[in-house]
Structures are given as structure tokens and as C-alpha cells.
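> The structure that follows is given in the form of C-alpha cells.
The values are calculated or read from the model by the stated rules, or taken from the named source; none is laboratory data. All values derive from a computational prediction rather than experimental measurement. Cβ atoms come from the backbone with ideal geometry, glycine included; neighbour counts cover every protein chain shown.
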Amino acid sequence: MNFHAIATIYKTEMARTWRTLFQSVVSPVISTSLYFVVFGSAIGSRIDEVGGVSYGAFIVPGLIMLTLMTQGISNASFAIYFPKFIGTIYELLSAPISYVEIVISYVGAAATKSAMLGLIILATASLFVDLEIAHPFMMLLFLVLTSVTFSLFGFIIGIWADNFEKLQLVPLLIVTPLTFLGGTFYAIDMLPPLWQKITLFNPVVYLVSGFRWSFYGVADVSVGLSLVMITVFLAACMALVAWIFRTGYRLKS
């Protein structure tokens, strides 16, 4: 394992974060804080507790999960797409570094950024609502698994995309709507019976539910099932990345 190469790419990607601090960190935190103000304070004051938790506190795990998924995808997809766009990807592919090391460095940097943002938003949320973390280890586990999985997913999107518009296609048209419809702002049992069953086909439900359970001990679905779902998605992304590098899909042409 070429740890020097991994560290070099990782440090380069992290340095880009500090050079674009407002876009990478400040902007997502401000956007999420507006959700706390609008939904947590303005609307939350008119809604009773959900599952024994104040509405403002109830939506925090879902908003953090939204940030983890969208930022993980955005950071990883741009990181690998930009070398393709300017043509330096061929230098990377011909360098004495394996495909595994390339994935570890790019995905690791993107996951670090999204996890860092998640923790910053968690600290910011504590200024607006009273938070409690019933299962801190499980909270960190879901945080890390989600960051890594969706950064890997973003890495795949970055390889698949052949223009900048496609980089935003999946996050804007698929991931964000699924998150809003995945129990971020409501409990699944608040829906009519038919829609409860339909909602269970939304994979984001399991991520939000498991993450919320780590905070308040309440969940819409089994915590074990939530872990299985995120693990299956992670394994699927790893298998797809392996196929991409084995075949050279959109890398060698």
C-alpha cells in the first residue's frame, strides 16, 4: 500500500476545502441553519412533540443526514471529475499508484469533509434546540458509514458524468427529494397506511430512522435493518467501483 501517494492526494483535496472555505463549509452550515429557524422554530412551535421529542430536535438527525449525503456526493464527484475535465486523470492512472489507493484517497477526503460538516451542523443545531445523544457510538457509526458510502457513490457519479450538469443531476433530482420524502420532517406513522408502505421502498428512510434512533431511541424501522441497508449500499458501490476500474469505463477513453 502506497501510503505516501494516498496522503498526497488526500492532503491536496483537503487543502482545496480550506481554499474555498465559504463554499465548502460556511454555505452548507448557513443553509441548514435556515431549516432550523424555519421548521424548528417557526413551524415547530405550532407542532406537538413527535415520538416524545420536540419537533425542532426531531428534525435535526434528518437534516444532518441530508447534509452528509449531498455533500459526500458533491465533494467526491467533483474531485474525480475535474481531473477528467482538464485531462490530468491520465497522469494519475499512469502513476505508480493502484486503483484501490486512488479510491481511498479521494473518497477518504470527501468522507472527511462531509463528516466534518455533519459534526459542525450538530454543534450548530445545539444552539437552536435541546439535543441528546442516547447512543453516541451508533451515532458516529451511522455518521461514518453514510459519509463513506455516499462519497463512494459520488465518486461513481464523477466518473459517469461527462459534463458539469450531470454532476448535479443525481443529487438534485434523486437524493434530495428522497431525503425530504424519507422521514426528515415527519415520522412515518404520521402518514396514511398506504403511504407508509410506499415510503418503505425509499432507502433513505432507513438511514434517517437509524440515525434518529441513535439520538432519541425512537425509530420508524428496525435499527438492525437500517445498518443492513447502508451496508448493502456500500457493498454495491464498492462492487461498481471495482468494475469501473477493471473495465476502464469512462476512464481510458
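> List pairs: first in the stretch 24-48 and aliphatic (A, V, I, L, M), second at pLDDT below 75 and surrounded by fewer than 18 Cβ atoms within 10 Å (Cβ to Cβ), Cβ under 6 Å, 6+ apart or cross-chain?
none
> Could you identify the single residue in TYR55, TYR35, TYR81 that is hydroxyl-bearing (Ser, Thr, Tyr) and closer than 22 Å to TYR10 by Cβ?
When all the criteria are applied, what remains is TYR81.
> To continue, here is another question. Applying the selection to the stretch 179-214, what residues are of a type outside the set (S, T, N, Q), assigned to a helix (DSSP H, G or I) and within 18 Å of VAL232 (Cβ to Cβ)?
PRO203, VAL204, VAL205, TYR206, LEU207, VAL208, GLY210, PHE211
> Considering only residues that are more than 19 Å from CYS237 (Cα to Cα), assigned to a helix (DSSP H, G or I) and among the β-branched types (Val, Ile, Thr), which ones fall in the stretch 112-132?
Passing the criteria: ILE120, ILE121, THR124.
> Give the residues of the stretch 125-140 that are crowded, with 16+ Cβ neighbours inside 10 Å and either of a type in the set (S, T, N, Q) or closer than 24 Å to ASN75 by Cα (or both), sorted by residue number.
ALA125, MET139
> OK, next. For the subset of the stretch 200-215 comprising residues that are without any contact (Cβ under 8 Å) to a residue 60 or more places away in the chain and surrounded by 18 or more Cβ atoms within 10 Å (Cβ to Cβ), which member is farthest from PHE150 (Cα to Cα)?
The extreme case among them is SER209.
> Let me ask you something else. Of the residues that make up the stretch 63-81, is at least one free of Cβ contacts under 8 Å to residues at least 24 places away in the same chain and of a type outside the set (Asp, Glu)?
no
> Identify the residue in the stretch 2-23 that is closer than 30 Å to GLY56 by Cβ and without any contact (Cβ under 8 Å) to a residue 24 or more places away in the chain and, among all such residues, is surrounded by the fewest Cβ atoms within 10 Å (Cβ to Cβ). First the steps, then the outcome.
We begin by selecting, within the stretch 2-23, every residue closer than 30 Å to GLY56 by Cβ; these are 17, 21-23.
In the following step, the residues that additionally are without any contact (Cβ under 8 Å) to a residue 24 or more places away in the chain were identified as 21-23.
On the way: LEU21: 10, PHE22: 8, GLN23: 10.
By that ranking, first place goes to PHE22.
> Right, next: Read through the list (1) more than 14 Å from GLN71 (Cβ to Cβ); (2) touching a residue at least 40 places away in the same chain (Cβ under 8 Å); (3) touching a helix residue (DSSP H, G or I) at 6+ places or on another chain (Cβ under 7 Å), then give the number of the only condition that TYR186 fails.
Going through (1) more than 14 Å from GLN71 (Cβ to Cβ); (2) touching a residue at least 40 places away in the same chain (Cβ under 8 Å); (3) touching a helix residue (DSSP H, G or I) at 6+ places or on another chain (Cβ under 7 Å) one by one, TYR186 breaks only (3).
> I've got another one for you. Check whether at least one residue in the stretch 150-160 is more than 22 Å from ALA111 (Cβ to Cβ) and touching a Gly at 6+ places or on another chain (Cβ under 8 Å), and report yes or no.
Within the stretch 150-160, not a single residue is more than 22 Å from ALA111 (Cβ to Cβ) and touching a Gly at 6+ places or on another chain (Cβ under 8 Å).
> Within the set of pairs 6 or more residues apart or between chains, which connect a residue that is at positive phi inside the stretch 226-253 to a residue that is assigned to a loop (DSSP other than H, G, I, E, B) with Cβ atoms less than 8 Å apart?
Final answer for the pair search is ARG250/ASP162.
> Let me ask something else. For LYS166, work out the one condition from (1) surrounded by 14 or more Cβ atoms within 10 Å (Cβ to Cβ); (2) free of Cβ contacts under 8 Å to residues at least 40 places away in the same chain; (3) part of a loop (DSSP other than H, G, I, E, B) it doesn't fulfil.
LYS166 satisfies all of (1) surrounded by 14 or more Cβ atoms within 10 Å (Cβ to Cβ); (2) free of Cβ contacts under 8 Å to residues at least 40 places away in the same chain; (3) part of a loop (DSSP other than H, G, I, E, B) except (3).
> Identify the single condition in (1) modelled with pLDDT under 90; (2) within 30 Å of ILE6 (Cβ to Cβ); (3) more than 14 Å from the chain's Cα centre (by Cα) that VAL175 does not satisfy, given that it satisfies every other one.
Every listed condition holds for VAL175 apart from (3).
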